[in-house]
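Structure, as structure tokens:
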């Protein structure tokens, strides 16, 4: 059986130069690099060298998936725009890590399940739905890192029940589409997310900054320095400048200061969420069943006639439908405490059509013995 490996790179802060595109194209004959992206797909061979090194040198985002059970998302950030100390509490060996390379910091999140995926793996188009996660981190939103840590509690040997959780960021009850995509792709337990979110503060909108006033508050020398950096083509200067101006506004909401929970406590809370969800679904299913039975009750006699009409057709599909209706009539009889009358009518049908072996087999399989 062939393997499937999909690698996709995207350049977000600037397009690759012609020389850089040529360097990427020399990695494999399978790739035709674009100024802002490159895709490698393998069925019988492997990616040459290190995908993380290619990311660190040329691109800003990497997505990898393989049908043997591996999935990875990695982002490159300009070193001055992220604080490694913020990443540190969320790092878990073989799951979540970062590395400083030159002028950049590379954040890597990966999951490896030895059993492989139990569904068809297709990587195309996935990275685009995850790109907003990079901008969110640049904006100080650490929900991705916390969700990745929750994922690690399921696969990492290093995380034992006594380990405490990292800082809980605000907004875990308000997950956007990109975070939902991550949860689905990396198979983060939804009930664990729900339990963890109980300690998460609401996600508050940052106060708007009066840009004209904020710029006017800067010293003329600092204004000139920012203009010089702009003229020199400094990358992501817009974000750096916005952060400088935002320093004059109130500070954003900090992570929750509630007591940190252990892995065991989170897992126990998730189990309670699971049980509550199962009980709610059971009640909803029961209510739906009662509504269906009460709707069937006025049509019961017509349904008995319909059953015999179906049996008279003498074919498999009609037998199957007849048995399905009989099962519903049995459930209605149990609901109305009228099992005796139902069994009498069922025995009459079994006696009348006793020489229909295919029908008898279906009735027996459905537990309709009368």
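What follows is calculated from the coordinates using simple rules that are stated; it is not laboratory data. Note that the structure is a prediction, hence the values are computed from the model and not measured. All Cβ positions, even for glycine, are placed from backbone atoms using ideal geometry, and neighbour counts span all protein chains on display.
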Ranked from fewest to most other Cβ atoms within 10 Å of their own Cβ, 117, 9, 342 fall in the order 117, 342, 9
Pick from 345, 291, 236: which residue has the top mean-square fluctuation in a GNM of the chain where Cα pairs under 10 Å get a spring? 345
Any chance you could run the full-extension gain for residue 19 through residue 154? It's 0.36 nm times the residue separation minus the Cα-Cα distance, nm to one decimal. 44.3 nm
Ranked list, fewest to most other Cβ atoms within 10 Å of each Cβ, for 47, 40: 47, 40
Considering the Cα trace of the chain, what is its radius of gyration and what is Dmax, both in angstroms? 30.4, 101
Residue with peak Gaussian network fluctuation, the chain [Cα springs, cutoff 10 Å], from 278, 295, 38: 295
Label model pair residue 335, residue 3: point-to-point distance (7 angstrom along the Cα→beta-carbon line) in nm is 5.4 nm
Fully extended contour minus Cα-Cα distance, from residue 83 to residue 120, at 0.36 nm per residue: 9.6 nm
For 335, 119, order by how many other beta-carbon atoms lie within 10 Å, fewest first: 119, 335
How big is the C-alpha Rg of region 289-365 next to the rule-of-thumb value 2.2 N^0.38 Å, as a ratio? 1.07
Using alpha-carbon coordinates, inclination of helix 300-311 to the longest axis of the chain, degrees: 90 degrees
With runs of 4+ DSSP H residues as the only contributors, calculate the mean residue ellipticity of the chain at 222 nm using -39,500 (n - 2.57) per run, divided by the residue total and rounded to the nearest 500. -14500 deg cm²/dmol
Obtain the nm distance between the two label points defined at residue 34 and residue 103 by a simple spin-label model: each point lies 7 Å from its Cα along the Cα-to-C-beta direction. 2.5 nm
Need one number for region 24-142: average projected area of the convex hull over its C-alpha atoms, nm². 8.3 nm²
Which residue fluctuates most in the GNM of the chain (Cα springs below 10 Å): 260, 235, 356? 356
Given R₀ = 56 Å, what would the calculated FRET efficiency be for residue 46 paired with residue 138, taking r from the Cβ atoms and rounding to 0.05? 0.95
